[in-house]
1. Counting only residues that are buried (at least 16 other Cβ atoms within 10 Å of the Cβ) and either more than 27 Å from the chain's Cα centre (by Cα) or closer than 12 Å to F279 by Cβ (or both), how many does the range 236-253 have?
2. If you check every pair at least six apart or on different chains, which have Cβ atoms under 6 Å apart with a residue in the range 6-33 that is farther than 19 Å from L131 by Cβ and free of Cβ contacts under 8 Å to residues at least 12 places away in the same chain first and a residue that is within 8 Å of the ligand (Cβ to nearest atom) and among the small types (G, A, S) second?
3. Which members of the range 209-240 meet the condition of being out of contact with any Pro (no Cβ under 9 Å at 6 or more places or on another chain) and over 30 Å from G285 (Cβ atoms)?
4. Going by what's in this entry, would I135 be described as surrounded by 24 or more Cβ atoms within 10 Å (Cβ to Cβ), away from the ligand (no atom under 11 Å from the Cβ) and at pLDDT 95 or above?
5. Tell me which residues, restricted to the range 7-20, are surrounded by fewer than 24 Cβ atoms within 10 Å (Cβ to Cβ) and near the ligand (Cβ under 6 Å from one of its atoms).
6. Could you please find all residues in the range 214-244 being farther than 25 Å from A305 by Cα and either outside any strand (DSSP E or B) or without any contact (Cβ under 8 Å) to a residue 12 or more places away in the chain (or both)?
7. Are any residues in the range 207-234 at pLDDT below 90 and either under 30 Å from Y77 (Cβ atoms) or in contact with a Phe, Trp or Tyr (Cβ under 7 Å, 6 or more places away or on another chain) (or both), and if so, which ones?
Amino acid sequence: MVKEKEHINLAFVGHVDHGKSTLAGHVLLKAGAIPEKKFGNGEERFRKVFDTLKAEQDGGITIDLAHQKFSTKKYDYTVVDCPGHRDFVKNMITGASQADAAVLVVAANDGVMPQTKEHVFLSRTLGINQLIVAINKIDLVDYSQEKFDEVKDEVSRLIQNVGFNPDDVDFIPLSAFEGDNIKEISENTPWYKGNTLIDAFDSLSAPEKPTDLPLRIPIQDVYSITGVGTVPVGRVETGVMKINEDVIFEPAGVSGKVTSIEMHHEQYEAAEPGDNIGFNVRGVGKNDIMRGDVAGHVNDAPAVAKEFKAQIVVLQHPGVITVGYTPVFHCHTSQVACTFVELIQKLNPSTGEVEQENPDFLKTGDAAIVKVKPTKPMCIENTTEIPQMGRFAVRDMGQTVAAGLCLEVTD
Ligand code: GDP
């Protein structure tokens, strides 16, 4: 059997108009993932590639996710949504599009801008710990090394503030438009001795499967199948589940022995992180459990929170967030209305340093530590212990108003 290549999800982040879509489109073309002729030779063709793919998806017409995938000799890649595109944050947190690495796009002629800072902080908050810095539009500054060094220093300081080590990060001068240093080293930047963008992708580390963490399977659906019984379905986030083990569903509080594990219509003895499985647990009925419950081993059950402390970033809220505000929190597969019961500290949104104790309100762009009370029990866990189970998006009025992570379950 041919070994499957390891897979990496990439997110293109950065300030609006700095060239994220153009760069993502150009990478897909250079990597041979899209036929060139479809988009002609016009000036905007690379951005068009990506925007067309997005539009097709958003319109629900030709959902061809294959188009956002490309491969190198080493890895298979998927370009996941960019912030600014619809519901990026929610998808990153609750969907399959968790990014393994971020490509931070900074235009050489502009340098660090407000959304550059915001996205760096957000990437870190969402648990992305690998970064590549694309210093784009290098053609617009006449391929100047001086300008490149200036922007590189500025970005280095920014990313260092939130805990990235600039020495481990590739900074690449490129033109998403002209194609410099994307796949081949460009003659226009003879002073640059580093990786091309594609080589930088190939030097990333593939995500390791969190098999050593406690077992957690957020339930997506529950079926009742004749002859089998109740079949909860979900993706294993962490840990390993084997047949004959005792599992418990929380907050439902019901438990039983695993009698079968199925994936793609085949039976398995065990399931590990990333596996989308259906499984059968003896003694658990269809009405005992529901979407949003989390399965774990009986002797290491998922945490149920009545109250928790969280770090949040307010992304877009038309007014202010005060104590008493009760939007819906989306965490793994669960959706629970939660009340803000205390605004503990306001943080600097690009460094995370404390700016103010007990602020009266929070508004768009603010980062903060808060205390939250779910209106009914929900499974959420300390991010430092099980990162996959601690992230959440806050939704209200049909949009993602904030994103965050659980620091501590306090009750
Ligand atoms: P996004 O908002 O970050 O996705 O930015 P876009 O990809 O939409 O690009 C914004 C504008 O910058 C478009 O008009 C692009 O054609 C242009 N652009 C993007 N990359 C480059 C580049 O490397 N050089 C030049 N000269 N223009 C670029």
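1. Residues of the range 236-253 that are buried (at least 16 other Cβ atoms within 10 Å of the Cβ), as a first pass: 236-241, 243, 247-252.
Then keep just the ones that are either more than 27 Å from the chain's Cα centre (by Cα) or closer than 12 Å to F279 by Cβ (or both); that gives 236, 241, 243, 247-249, 252.
Going through the range 236-253 one residue at a time, the tally reaches 7.
2. Here the result reads none, with nothing in the range 6-33 linked to a residue that is within 8 Å of the ligand (Cβ to nearest atom) and among the small types (G, A, S).
3. D212
4. When the stated conditions are applied, I135 does not pass them.
5. V16, D17
6. If we filter the range 214-244 for residues that are farther than 25 Å from A305 by Cα, which is where we start, we get 223-231, 242-244.
Scanning the range 214-244 gives I225, T226, G227, V228, I243, N244.
7. P207, E208, K209
One line per residue, one yes/no per condition, for (1) modelled with pLDDT of 60 or more; (2) touching a strand residue (DSSP E or B) at 6+ places or on another chain (Cβ under 6 Å); (3) within 14 Å of the ligand (Cβ to nearest atom); (4) at positive phi:
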site: K5; (1), (2), (3), (4): yes, yes, no, no
site: I34; (1), (2), (3), (4): yes, no, no, no
site: H67; (1), (2), (3), (4): no, no, no, no
site: A96; (1), (2), (3), (4): no, no, no, no
site: A107; (1), (2), (3), (4): yes, yes, yes, no
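The values are calculated or read from the model by the stated rules, or taken from the named source; none is laboratory data. Quick caveat, the model's predicted, so the values are computed rather than measured. Reconstructed Cβ throughout: ideal geometry from the backbone, glycine too, with neighbour counts over all protein chains shown.
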